[in-house]
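Peer 1: Sharing a structure below in structure tokens format, with a few things to ask.
The values are calculated or read from the model by the stated rules, or taken from the named source; none is laboratory data. Treat the numbers as computed from the prediction; the structure is a model and nothing was measured. All Cβ positions, glycine included, derive from the backbone under ideal geometry; neighbour counts span all protein chains shown. Note: accessible area is taken over every heavy atom of the protein model, side chains too, but ligands, DNA and RNA are not part of it. Shrake-Rupley method; radii C 1.70, N 1.55, O 1.52, S 1.80 Å.
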Amino acid sequence: MVFFIVVLAAALHAAWNAMLKGGRDKYLGTAAVVIGQAIFAVPTLFLVPAPDPSSFVLIVAGIGLHLGYQFFLMASYRAGDLTQVYPLARGSAPLIVALVSVVFLGVVLQTIELTAVLMIGLGIMSIALVGKNDGLHHRKAAVLALLTGCFIASYSLVDGLGARQAGTALGYYGWLTIGNAVAFCAITAVVRPSILKRIPKEGLRLTMFGGGASYVAYALVIWSFTQAPIALVTALRETSIVFALLIGVFVLREKLSLAKVASTVVVSAGVLMTRLSKPA
């Protein structure tokens with residue numbers, strides 16, 4: 001069940017990213033999604049228990065890491081090509097999470113699970129190598145994308161541990177989401193005040209549909225963090241890039257090269273290996 005829930009979350013993640021990709025102003029789109037997440041989080045808090053106070057430090061840390069991810073991702077998009085920066089950032093994250101989980105957190109992964117994470121991460125990153133534009137070869141873009149991947153890995157680990165410590169996955173995520181939105185809006189009010197004024201007219205659709213899909217997607221991931229190793233969940237979640245490619249080909253009518261097909265096959269093989277692995 002966890003496997004299929006994470007794959008569903010990956011599909012939802014790809015859907016809202018496709019919506020964000022279609023917008024001209026990435027800052028406006030990101031702000032709309034962040035605010036939309038909070039809108040969906042508020043009613044959830046009335047239905048779930050409050051997180052254990054011992055998790056408050058991790059909630060604050062998670063808010064800071066999500067903010068770092070959001071601003072570094074936007075900076076990466078400004079420096080390089082979207083279809084190359086995105087796979088580099090998302091592909092590096094599961095590799096970092098697996099490394100930290102095994103070396104520092106004492107998590108024991110089977111050989112097949114470690115191989116699966118490696119195949120998924122490298123398969124996703126290889127997609128960045130087959131783009132026509134030079135986003136990957138732009139040193140600044142590559143560095144920013146890898147730093148974004150570090151933030152993704154960091155908030156995945158913190159959120160996984162935080163959700164377990166909180167005793168309620170949705171309670172933890174609800175508080176984190178609202179805190180993230182408040183902090184993001186406060187920063188935006190200082191650096192780009194016009195953005196908040198434009199959202200009701202220009203970003204309402206992305207706020208409701210993109211924010212809703214994003215909230216549900218990561219809520220499913222947060223719950224999955226409490227049910228399975230964080231490294232495996234993170235790797236499976238990043239298969240969203242495969243769904244993004246499918247959306248690009250069949251919805252946006254983008255061309256699919258043989259090299260991208262090969263990369264997708266590697267990722268799919270890694271996904272299959274996680275499904276075939278047995279509990280230790």
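Peer 1: In whole Hz and in residue order, list the ³J(HN,Hα) couplings for region 120-127 that follow from phi through the Karplus curve 6.51 cos²θ - 1.76 cosθ + 1.60, θ = phi - 60°; x for Gly and Pro.
Peer 2: 5, x, 5, x, 5, 5, 5, 4
Peer 1: Let me ask something additional. What ranking, highest mean first, results for peptides 36-42, 151-157 when packing means the other Cβ atoms within 10 Å averaged over each residue?
Peer 2: Values: 36-42: 20.7, 151-157: 24.4.
Output ranking for 36-42, 151-157: 151-157, 36-42.
Peer 1: Can you work out the Karplus-derived ³J(HN,Hα) for every residue in region 66-76? Use 6.51 cos²θ - 1.76 cosθ + 1.60 with θ = phi - 60°, whole Hz, and x for glycine or proline.
Peer 2: In residue order, the calculated couplings are 5, 4, x, 4, 5, 6, 6, 5, 5, 5, 5 Hz.
Peer 1: To continue, here is another question. For region 1-85, how big is Rg over Rh, using alpha carbon atoms and the Kirkwood form of Rh?
Peer 2: Looking at region 1-85, the ratio lands at 1.02.
Peer 1: Return the FRET efficiency for the residue pair residue 56, residue 25: r is the Cβ-Cβ distance, R0 is 41 Å, and the value is rounded to the nearest 0.05. Don't jump to the answer; show the numbers that get you there.
Peer 2: Numbers: r = 34 Å, r/R0 = 0.84.
In this case the efficiency is close to 0.75.
Peer 1: Can I ask one more? Arranged from highest to lowest average of other beta-carbon atoms within 10 Å per residue, in what order do the peptides 183-194, 54-65 appear? Mind dumping the intermediate values first?
Peer 2: Numbers: 183-194: 13.1, 54-65: 18.9.
Top of the packing list down: 54-65, 183-194.
Peer 1: How large is the accessible surface of residue 19 in square angstrom, using a 1.4 angstrom probe and rounding to the nearest 10?
Peer 2: Looks like 50 Å² after rounding.
Peer 1: Running a GNM on the chain with Cα contacts under 10 Å, which residue among 113, 202, 238 ends up with the highest mean-square fluctuation?
Peer 2: Most flexible of the set in this elastic network: 202.
Peer 1: At R0 = 25 Å, how high is the FRET efficiency between residue 186 and residue 46 if r is their beta carbon distance? Nearest 0.05 is fine.
Peer 2: With R0 = 25 Å, the Cβ-Cβ based efficiency is 0.55.
Peer 1: Determine ³J(HN,Hα), in whole Hz, for all residues of region 34-51 in sequence, where each value follows from phi through the Karplus function 6.51 cos²θ - 1.76 cosθ + 1.60 and θ = phi - 60°; x replaces Gly and Pro.
Peer 2: Here the 3J(HN,Hα) series is 4, 5, x, 4, 5, 4, 7, 6, 4, x, 5, 5, 7, 10, 10, x, 6, x Hz.
Peer 1: For region 145-280, what is the Kirkwood estimate of the hydrodynamic radius, computed as the reciprocal of the mean inverse distance between distinct Cα atoms, to one decimal in Å?
Peer 2: Radius from the Kirkwood sum: 17.6 Å.
Peer 1: Oh, and also: Which of (1) 26, 25, 16; (2) 52, 25, 17; (3) 30, 24, 17 is the computed semi-axes √(5λ) of the Cα gyration tensor in Å for the structure on display?
Peer 2: Correct label, based on the coordinates given: (1).
Peer 1: Carbon and sulfur together cover what percent of the accessible area of the chain at a 1.4 Å probe radius?
Peer 2: 71
Peer 1: Under a 1.4 Å probe, what is the accessible area of the chain per residue, stated in Å²?
Peer 2: Solvent-accessible surface per residue comes out at 46 Å².
Peer 1: Sticking with this one: So which of 26/255; 140/260; 201/260; 26/140; 26/260 end up more than 30 Å apart by C-alpha?
Peer 2: Working: 26/255 23 Å; 140/260 24 Å; 201/260 37 Å; 26/140 18 Å; 26/260 25 Å.
Where the Cα-Cα span goes over 30 Å, the pairs concerned are 201/260.
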